[in-house]
Amino acid sequence: MLVNIDNLSKQYKEKRAVSNLSFNIREGSCIALLGPNGAGKTTTLQMLARLLTPDSGAIQFKGYAEKDYRPLIGFLPQHPSFFNWMTAKEFLTFAGKLSSIPKEQLHDRVQETLRFVSLEEAMNKRIGGFSGGMKQRLGLAQALLHKPKLLILDEPVSALDPKGRRDFLHLIEELKQDMTVLFSTHILHDAQQICDEVLILKDGCLKWKGSLPSLRKEFDLLPIKVQTEEPMKDIIEQFEIIEDYEYIDAKTVKVRLLEHVHHNELLQELINQKRSVTHFEIMQDSLEDAYMKVVRQ
Amino acid sequence: MNRFLTLLNKEITELMRNGKLIWLPIVLMIIGISQPLTSYYMPQILDIAGNLPEVASITIPTPTGEEVLSGALSQYGTIGTLLFALATMNVIAQERQNGSITLVMVRPVNEWQYLGSKTVAQLALLLLSLILSYCLTWYYTNLLFTPVDWQVMLSSLVMYCFWVLFVVCVTIFVGTIIRQSSAVAGVSLLFLALIGLLTSLLPKFMEWSPGNIRGEATKLLVEQQWTESAWTVIGSTATLSLLLFIAGVMVMKKYKRY
């Protein structure tokens, strides 16, 4: 366990942004914080980054006695803003000195980080002239410069174009080998690609936490849709490999198979029963359905 | 200490890059030397303006060097103070508004280091401008009027530096409270004006007031001796400035969000 978050609450003037939020962050995991706009994701992350003081609750890093745990975290805000008169290299050097990176290592570390986010060529240019994608990458560079234990990214890809988004997700994927990553997004697909755990927030409350496959399972989704020429009545009920089913009409059914059963076996069974399959689909958006169910709860 | 120096270095580089380190000394120098120059050329200026009736014979007594220098101090007191507050108003407000403060405060930086670096850098800028301007004014005064002893000039300069210290500390303190940079300058100037007003309205109770600094500096020029009241004013100004700085740090520590 790396961090223990206990009963965090934050109230803005009239709105309760986060209420009684508790969760743990495992060391080495990659966690996505999901939720619709205004669910309290940014507030949560800013409290974790100590930029916002919670009204109540505690954040405790395991094995770190000091109250100010800022040396352990790297933070990328949703809209990072820099000192526009500095160059990328100057900014990272400045940030590295503030994080007490030893002088001998600082230069190499800055170079290495700039190379990682592919800003090497622009390192002596003023940040004021950077594009949004470059600023986002510089933001990531400053967050991981001092090799933090926990990397906190607030909507890292929502402002990027499709290519920038893919590149950025690749960077995060590489980073999660070395550090624990916590990032927020409102796009399920991003989370699906790179993380092993999700937290779903709604109106400041934690609605669900766990891995994505278990999310699909818990919400009783029937991810396979089968259509045959003949009615399937009484056949589906006999199949032992099926965990649950739902008829759409006599010839169409949505099913969920038992764990570890390959969907080919269902096809095989249907053919054995002399049914001609006209449609067989594994529904990709089933995760989206689960997410919507959680959010609507 | 290292972090403080890093932040200070950043502040000074910023002052150089955005040109403040160039224009502020220049503007202040112009304000300073305009005093001896206009005093010297006043008869000619009046001649050229030529609106005086022939019969009016006026004689303008030539001022002494000390009087010219105290005239320059009075320019610093008005336009100078306005400039000081304007130059200092957005050191914190701007970083809070555009959010660049978050990338600093997400690192292990404390409020003392942050505010300290701002105060020291701003003081360095304003004091450098004041010293350059005042020395240049002194040089022109010596050329055009009766010479003023350098020790006298220096003691009045040192005295006046405390006014700059006070203005910077007031403006930075207000800057920790208010986010709008123009409002920061407005509130600071209002506060400074209020102190000046109270000082002249209630001279008996306000002997310690920083508003007396210019009077004391003029006294140093004309009477050429340190009096006890000069020490009182210096002491109280230094203490008030320190208190304002501490208060600013306390306000920042109480921030719920940067």
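The values are calculated or read from the model by the stated rules, or taken from the named source; none is laboratory data. Remember, predicted model here, so these are calculated numbers, not experimental data. Positions of Cβ are generated from backbone atoms using ideal geometry, with glycine treated the same way; all protein chains shown enter the neighbour counts. These accessible areas exclude ligands, DNA and RNA; they are computed on the full protein's heavy atoms, side chains included. Shrake-Rupley method; radii C 1.70, N 1.55, O 1.52, S 1.80 Å.
Look at where the Cα atoms of region A:54-79 and of region A:193-240 average out, and the two centres are 35 Å apart. Based on Cα contacts under 8 Å between residues 6+ apart, chain B shows a relative contact order of 28 percent.
Sequence-distant contacts, meaning Cα pairs under 8 Å at least 6 residues apart, place the relative contact order of chain A at 20 percent.
Across region A:190-198, rounded Karplus estimates of 3J(HN,Hα) from the backbone phi angles (6.51 cos²θ - 1.76 cosθ + 1.60, θ = phi - 60°) give 4, 4, 4, 5, 10, 10, 9, 9, 10 Hz, Gly and Pro being marked x.
Expressed in units of 2.2 N^0.38 Å, where N is the residue count, the Cα radius of gyration of region B:2-253 is 1.13.
For the protein assembly as shown, the 222 nm mean residue ellipticity estimated from helices alone, with every DSSP H stretch of n ≥ 4 adding -39500 (n - 2.57) and the total spread over all residues, rounds to -17500 deg cm²/dmol. If you line up the long axis of helix B:65-75 against the longest principal axis of chain B, both from Cα atoms, how many degrees apart are they, to the nearest 10? In chain B, helix B:65-75 runs at an angle near 40 degrees to the longest axis.
Separation of region A:130-172 from region B:214-258 is 46 Å, based on Cα centroids.
Determine, from the Cβ-Cβ distance of A:Gln273 and A:Glu27 and an R0 of 56 Å, the FRET efficiency 1/(1 + (r/R0)^6), rounded to the nearest 0.05.
The computed FRET efficiency comes out at 0.65.
Give the cysteines in the protein assembly as shown for which no other Cys Cβ lies under 4.7 Å away, or write none if there are none. Isolated Cys, the protein assembly as shown: A:Cys205, B:Cys135, B:Cys161, B:Cys169. With R₀ set to 45 Å, the beta-carbon distance separating B:Thr38 from A:Asn124 gives a calculated FRET efficiency near 0.40.
Between B:Asn2 and B:Lys253, full extension at 0.36 nm per residue minus the direct alpha carbon distance yields a gain of 88.3 nm. Note on B:Arg179 and B:Leu132: with the Förster distance fixed at 41 Å, the Cβ-Cβ geometry gives a FRET efficiency of about 0.80.
Beyond 19 Å between alpha-carbons counts as too far, so tell me which of A:Lys41/A:Lys67; A:Lys103/B:Lys20; A:Lys97/B:Lys118; A:Lys41/B:Lys256; A:Lys10/A:Lys207 fall in that bin. Table pairs above 19 Å Cα-Cα are A:Lys41/A:Lys67; A:Lys103/B:Lys20. The simple spin-label model puts a point 7 Å past each Cα toward its Cβ; for A:Glu229 and B:Gln97 those points are separated by 7.4 nm. Residues A:Asp244, A:Asp55, ordered by accessible area of protein heavy atoms at a 1.4 angstrom probe radius and largest first, appear as A:Asp55, A:Asp244.
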